[in-house]
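Structure first, then comments.
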Amino acid sequence: MSMNIRVLTPDRVICSTTADEVILPGLTGQIGILDGHASLITALDTGLLRIKLDDKWTPIILCGGLAEIDQNRITVLVNDVEELISLELSEVTRELEQATLAAEEAETSKAKLDASTELKKATARLEAVNYLS
């Protein structure tokens, strides 16, 4: 038996598919969802959503949001996603290094928050490369 997952932004449907397993980027860590999961509403962090179907993982980088799990239906509502067209490992690694440095050097609380979000996106991009290759 499989689950249905929909990923939505305010203006479009990012994906609507079936899945054998879903891993969400929760605020306190990754949340794995399998068939028959208890009902749940949870906030999501900026990070990598992974959808597994027929032994193939599809990564989607989410920019925060929330997820509702209800009877094998998963609805993910996000402000935005980052498209994964083509990611080069060397480029993604360099972006992660730059984001790490920016996070370390940030001084104001706004700069720290912005740098933290960019660091999460860069980390998610690096994880996504593994699923796309």
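The values are calculated or read from the model by the stated rules, or taken from the named source; none is laboratory data. For clarity, every value in this text was computed on a predicted model and none was experimentally measured. Neighbour counts are summed over all protein chains in view; Cβ atoms, including those assigned to glycine, are modelled from backbone coordinates with ideal geometry. Quick note on the areas: whole protein, heavy atoms, side chains included, nothing else; ligands and nucleic acids left out. Shrake-Rupley method; radii C 1.70, N 1.55, O 1.52, S 1.80 Å.
Residues that are in contact with a strand residue (DSSP E or B) (Cβ under 7 Å, 6 or more places away or on another chain) and open to solvent by 20 Å² or more (accessible area, probe 1.4 Å), at least 3 per element: which strands (runs of 3 or more DSSP E) completely within the range 17-97 meet that?
Details: elements: 21-26, 29-34, 40-53, 56-70, 73-77.
Strands (runs of 3 or more DSSP E) meeting the threshold: 29-34, 40-53, 56-70, 73-77.
Considering each of 49, 66 in turn, give the residue that is within 18 Å of residue 12 (Cβ to Cβ) and in contact with a Pro (Cβ under 8 Å, 6 or more places away or on another chain). So that I can check it myself, show each step before the final result.
On the way: 66 fails: in contact with a Pro (Cβ under 8 Å, 6 or more places away or on another chain).
Criteria check complete, one pass: 49.
Find all pairs meeting these conditions: Cβ atoms under 8 angstrom apart; at least six residues apart or on different chains; first residue within the range 1-25 and free of Cβ contacts under 8 Å to residues at least 12 places away in the same chain; second residue open to solvent by 50 Å² or more (accessible area, probe 1.4 Å).
If the second residue must be open to solvent by 50 Å² or more (accessible area, probe 1.4 Å), the pairs left are 13/6.
Looking at the range 75-133 only, could you name the residues that are of a type in the set (A, V, I, L, M) and under 16 Å from residue 51 (Cα atoms)?
Start the filter on the range 75-133 by keeping residues that are of a type in the set (A, V, I, L, M), which leaves 76-78, 81, 84-85, 87, 89, 92, 96, 99, 101-103, 106, 111, 113, 115, 119, 122, 124, 126, 128-129, 132.
Matches in the range 75-133: 76, 77, 78, 81, 84, 124, 128, 129, 132.
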